[in-house]
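Q: Please read through the structure below; I'll follow up with questions.
The values are calculated or read from the model by the stated rules, or taken from the named source; none is laboratory data. Fair warning: this is a prediction, and the values are worked out from it, not measured in the lab. Cβ sites come from the backbone with ideal geometry, for glycine too, and all protein chains shown count toward neighbours. All accessible areas refer to the heavy atoms of the entire protein, side chains included, with ligands and DNA or RNA removed. Shrake-Rupley method; radii C 1.70, N 1.55, O 1.52, S 1.80 Å.
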Amino acid sequence: QTCYICTQALHWKTKEGLVRMCSCRGTAGFAHVSCLAEQAKILFAEGEENNLDDKALNERWARWYKCGLCEQDYHGVVAGALGWACWRTYVARPETDWAHGLAMTQLGNGLHDATNHEDALSVRETQLSMRRRLGVPEQNMLVTQGNLARTLRALGRLEEAMRMRQDVYSGYMKLCGEEHGETIRAALNLGVALHGLDRLKEAKALLRKTIPVARRILGANNSITLTMKMNYAQEIYQDDCATLDDLREAVTTLEETERIARRVLGGAHPLTVDMEKCLRKSRTVLAAREGDL
């Protein structure tokens, strides 16, 4: 295997090996972290030099967290390594600089994906305090609060995470409306928070309302849509009051979403792995219920 950026197996300078934590398959997508970071740095710098608009700059910035080949987010230790590389690249810029704020977000996300949750919490809280002090736009505040809620949940602080998720979801509903991508993401995250507190009926009602919107706006193959459908099926088969028809619906939903996830994301992706586990559990619950009859 060789790096798809520098075409070498071993990095000429750092002597690092190859990584691949995206959704590429076969021989595609292998790279050195250093090459991924340098590529992202160059693309964003070119965008700034050419005075590209915000949309174009955001597309170039995405190389810090998204594979340029399969267009899926990096995960695990690769996301963590790129988070640190991104922060080192832009940390010297002023706090008010756009890239400085995005780099802090990227660092927090990378630490979270690499399961360094205590460190991620420190970064999230620092960023929230900084953005409040700077008086950034409300949407930027909502992003920061959502990221903090994600880390609070990972640390087991479920009530705090749920309250923050409610605030974020309400904020996006007022600011952007229910058909905006960030509102849909916020609904998914609130559903997860509710599920963590065993508020299954509330979570199921929220997801039932939002899944058709996600399918229409984001598409049936989008990871957010797939995650929503997986979580909705979980709410069903974990409900002691679920009927046989409900349980069959859960199994059918998970079979469909697992097939799509395997095709789009690959069998090794964390979302696909989670879906396989849920599918096995749902089939077990259904078989047990049918055996009782």
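Q: Say we join alpha carbon atoms closer than 10 Å with springs in a Gaussian network model of the chain; which of 113, 53, 97 then has the biggest fluctuation?
A: Per the Cα network of the chain with a 10 Å cutoff, 53 tops the list.
Q: Provide, as a two-decimal number, the C-alpha radius of gyration of the stretch 221-293 over 2.2 N^0.38 Å, N being how many residues it has.
A: Against the empirical 2.2 N^0.38 Å value, I get 1.08 for the stretch 221-293.
Q: Leaving out ligands, DNA and RNA, what percent of the accessible area of the stretch 183-248 is carbon and sulfur, probe 1.4 Å? Don't jump to the answer; show the numbers that get you there.
A: Values: 1360 of 2790 Å².
Looking at the stretch 183-248 in its full context, I get 49 percent from C and S.
Q: Per 5 Å bin, what percent of the C-alpha pairs of the stretch 109-233 does each bin hold, from zero upward?
A: Cα pair-distance distribution for the stretch 109-233, in percent: 2, 12, 20, 21, 22, 14, 7, 1, 0.
Q: If you don't mind, another one. Along the principal axes of its C-alpha atoms, what lengths does the stretch 161-225 span, in descending order and rounded to whole Å?
A: Result for the stretch 161-225: principal-axis Cα extents of 29, 23, 17 Å.
Q: OK, next. Normalised radius of gyration for the stretch 156-293, please: alpha carbon Rg relative to 2.2 N^0.38 Å, two decimal places. Mind dumping the intermediate values first?
A: Working: Rg = 15.2 Å, N = 138, 2.2 N^0.38 = 14.3 Å.
It is 1.06.
Q: Helix 33-49 against the longest principal axis of the chain: what's the angle in degrees, Cα atoms only, rounded to the nearest 10?
A: So the helix axis and the longest Cα principal axis differ by about 70 degrees.
Q: Taking R0 as 51 Å, what's the FRET efficiency between residue 5 and residue 166 from their Cβ-Cβ distance, rounded to 0.05? Each step should come with its number before you reach the end.
A: Details: r = 42 Å, r/R0 = 0.83.
Efficiency, from the Cβ-Cβ distance: 0.75.
Q: Given the C-alpha centroids of the stretch 125-189 and the stretch 202-265, what is the distance between them in whole angstrom?
A: Rounded to whole Å, the Cα centres lie 23 Å apart.
Q: Taking just the alpha-carbon atoms of the stretch 24-79, what radius of gyration and Dmax come out, in angstrom?
A: 12.0, 37
Q: Taking only Cα atoms, what is the 0 to 90° angle, nearest 10, from helix 223-237's long axis to the longest principal axis of the chain?
A: Its long axis makes an angle of about 30 degrees.
Q: Next question. Answer rounded, prolate or oblate for the chain, using the Cα gyration tensor with square roots of eigenvalues a ≥ b ≥ c: rounded when a/c is under 1.5, else prolate when a/b is larger than b/c, else oblate.
A: Oblate is the answer for the chain, as a/c is 1.5 or above yet b/c matches or exceeds a/b.
Q: Once both axes come from the Cα atoms, what is the angle between helix 117-134 and the longest principal axis of the chain, in degrees from 0 to 90, rounded to 10?
A: It works out to around 70 degrees.
Q: Using unit Cβ charges (K, R positive; D, E negative) and no other charged atoms, how large, in debye to the nearest 20, is the dipole of the chain about its Cα centre? Walk me through the intermediate numbers first.
A: Values: 39 positive and 38 negative charges, 62 e Å.
Charge dipole, the chain, about its Cα centre: 300 debye, nearest 20.
Q: Oh, and also: What is the set of long-range amide H partners of residue 66 at a cut-off below 5 Å, with H atoms built 1.01 Å from backbone N?
A: HN-HN under 5 Å from residue 66: 74.
Q: Against the globular-protein guess of 2.2 N^0.38 Å, express the Cα radius of gyration of the stretch 3-43 as a ratio, rounded to two decimals.
A: Numbers: Rg = 9.9 Å, N = 41, 2.2 N^0.38 = 9.0 Å.
For the stretch 3-43, the normalised Cα radius of gyration comes out at 1.10.
Q: So if each residue of separation counts as 0.36 nm, and I subtract the Cα-Cα distance between residue 175 and residue 136, what length gain in nm does that give?
A: Numbers: separation 39, 0.36 × 39 = 14.04 nm, distance 1.46 nm.
Full extension from residue 175 to residue 136 adds 12.6 nm.
Q: Another question, then. At what distance in nm do the modelled label points of residue 289 and residue 209 sit from each other, each positioned 7 Å from its Cα along Cα→Cβ?
A: The two pseudo-label positions are separated by 2.5 nm.
Q: What does the accessible area of residue 276 come to, in Å² to the nearest 10, when a probe of 1.4 Å is used?
A: Roughly 50 Å² of residue 276 is accessible to a 1.4 Å probe.
Q: Further question: When the distances between all Cα atoms of the stretch 1-120 are binned every 5 Å from zero, what whole-number percent does each bin get?
A: Result, from short to long distances: 2, 12, 21, 23, 20, 14, 7, 1, 0 percent.
Q: Still on this structure, I have one more. Please compare each pair in 174/204; 209/281; 41/204; 41/229; 55/201; 204/277 to a cut-off of 30 Å on the Cα-Cα distance and tell me which ones are over it. All intermediate terms of the calculation are to be shown ahead of the outcome.
A: On the way: 174/204 22 Å; 209/281 24 Å; 41/204 42 Å; 41/229 36 Å; 55/201 38 Å; 204/277 19 Å.
From 174/204; 209/281; 41/204; 41/229; 55/201; 204/277, over 30 Å: 41/204; 41/229; 55/201.
Q: Work out, step by step, the length gained on full extension between residue 50 and residue 97: first 0.36 nm times the residue separation, then minus their alpha carbon distance; give nm to one decimal.
A: Numbers: separation 47, 0.36 × 47 = 16.92 nm, distance 1.72 nm.
Full-extension gain reported as 15.2 nm.
Q: Return the Cα extents of the stretch 67-132 along principal axes one, two and three, sorted largest first, each rounded to a whole Å.
A: Its Cα atoms span 34, 25, 17 Å along the three principal axes.
Q: On to the next question. Got a sec? What order do 115, 89 fall in by accessible area at 1.4 Å, biggest, i.e. largest, first?
A: Values: 115 95, 89 50 Å².
Largest accessible area first, the list is 115, 89.
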